[in-house]
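The values are calculated or read from the model by the stated rules, or taken from the named source; none is laboratory data. This is a predicted model, so every value here is computed, not measured. Here the Cβ positions follow ideal geometry from the backbone for every residue, glycine too, while neighbour counts run over all protein chains shown.
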Amino acid sequence: MRPDAPVARPPSRPDAARPRAGRFDRAALSQRLRAGLAALGLDDSPVERLLDYLALLVKWNGVYNLTAVRDPARMLTQHLLDSLSIVAPLAERMPAHIGATTGRVVDVGSGAGLPGIVLAIVWPRAEVLLVEPVGKKAAFLRHCRGELALTNLDVAATRVEALGDAQRQPVPDLIVCRAFASLADYVTAVDRLAGPHTLVAAMKGAVPADEIAALPAPWTVDSVQPLHVPELAATRHLLVLKRSRHDPTDTSGTGSRTRAEPINPEQ
């Protein structure tokens with residue numbers, strides 16, 4: 001099977017050497033997820049779809065090693081709630097229509113769909129593009145799109161630098177990444193994708209002072225926001241990056257740009 005080929009179902013016999021996933025107790029997970037959404041100030045209407053996604057992640061992870069976290073209870077905290085922690089702060093800066101977040105989102109290095117699939121579920125009016133060059137992961141993302149009926153989701157099995165002209169349009173309202181790369185590598189990778197009003201966001205754990213110091217001109221940090229992830233004691237931050245308004249190297253004609261990056265969790 002080609003590495004980038006869509007897959008109908010995972011193999012029936014996972015690698016015996018890999019640790020088994022814990023029990024998927026949907027009722028207990030639902031209760032914890034609802035409590036987490038309430039703590040984050042979010043509506044609980046997406047609970048069932050979020051749990052459907054989590055079930056797919058657990059099922060496929062045993063075979064395709066999508067994430068190092070294998071226990072569903074830990075996945076709920078370290079993946080779902082972690083990704084949900086950026087929803088409210090980013091929604092404040094995203095386009096909206098009749099109270100619903102809209103616009104175009106690009107998740108760079110999406111991996112298992114974090115945070116992109118989570119954003120596509122909680123923002124059904126937004127268009128979300130998941131960029132993931134690893135074939136088996138891109139196949140999983142396409143499977144999730146079909147199984148979860150996410151009509152607002154698309155998958156590009158390529159590096160973000162290699163996106164075609166059609167995939168770059170319309171200009172994203174948000175570019176986001178989680179556990180993708182250093183800040184310097186991130187802004188270099190998305191430089192041609194972002195427009196003058198694009199929000200570039202990066203999820204990080206502790207504030208990465210060394211990465212901030214290594215940002216290439218004209219990029220700087222616009223804001224650093226601490227994140228509260230329910231049930232997680234670890235430090236999390238959302239960084240928003242900006243490009244100086246007068247950049248002599250910018251030949252795109254778009255002027256200044258704003259961006260944000262992902263976190264560096266266990267994935």
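Please determine whether any residue of region 204-219 is crowded, with 18+ Cβ neighbours inside 10 Å, touching a His at 6+ places or on another chain (Cβ under 7 Å) and not hydrophobic (A, V, I, L, M, F, W, C).
yes
On the basis of being under 23 Å from V171 (Cβ atoms), hydrophobic (A, V, I, L, M, F, W, C) and in contact with a strand residue (DSSP E or B) (Cβ under 7 Å, 6 or more places away or on another chain), does A120 make the cut?
yes
Suppose we filter F180, F140 for residues that are modelled with pLDDT of 95 or more, surrounded by 23 or more Cβ atoms within 10 Å (Cβ to Cβ), closer than 27 Å to L42 by Cβ and out of contact with any Cys (no Cβ under 7 Å at 6 or more places or on another chain); which single one remains?
Among F180, F140, only F140 is modelled with pLDDT of 95 or more, surrounded by 23 or more Cβ atoms within 10 Å (Cβ to Cβ), closer than 27 Å to L42 by Cβ and out of contact with any Cys (no Cβ under 7 Å at 6 or more places or on another chain).
Quickly run through region 163-188 and pick out the residues that are farther than 25 Å from I212 by Cα and among the aliphatic types (A, V, I, L, M).
Passing the criteria: L163, A166, V171.
Could you pull out every one of the helices (runs of 4 or more DSSP H) wholly within region 1-102 that has 2 or more residues that are loosely packed, with under 14 Cβ neighbours inside 10 Å, of a type outside the set (A, V, I, L, M) and at pLDDT 95 or above?
On the way: elements: 26-39, 47-64, 72-75, 87-91.
Answer list for region 1-102: 26-39.
Just to be sure before I move on: is A201 crowded, with 23+ Cβ neighbours inside 10 Å and either touching a Leu at 6+ places or on another chain (Cβ under 8 Å) or of a type in the set (S, T, N, Q) (or both) in the structure I sent?
Details: crowded, with 23+ Cβ neighbours inside 10 Å: yes; either touching a Leu at 6+ places or on another chain (Cβ under 8 Å) or of a type in the set (S, T, N, Q) (or both): yes.
In short, yes.
Any residue in region 23-44 that is among the basic types (K, R) sitting within a Cβ distance under 7 Å of a residue that is exposed (fewer than 15 other Cβ atoms within 10 Å of the Cβ) and at pLDDT 95 or above? List the pairs, counting only those 6 or more apart or interchain.
R34/D44
Does D165 count as over 26 Å from L57 (Cα atoms) and surrounded by 19 or more Cβ atoms within 10 Å (Cβ to Cβ)?
So D165 does not fit the description; no.
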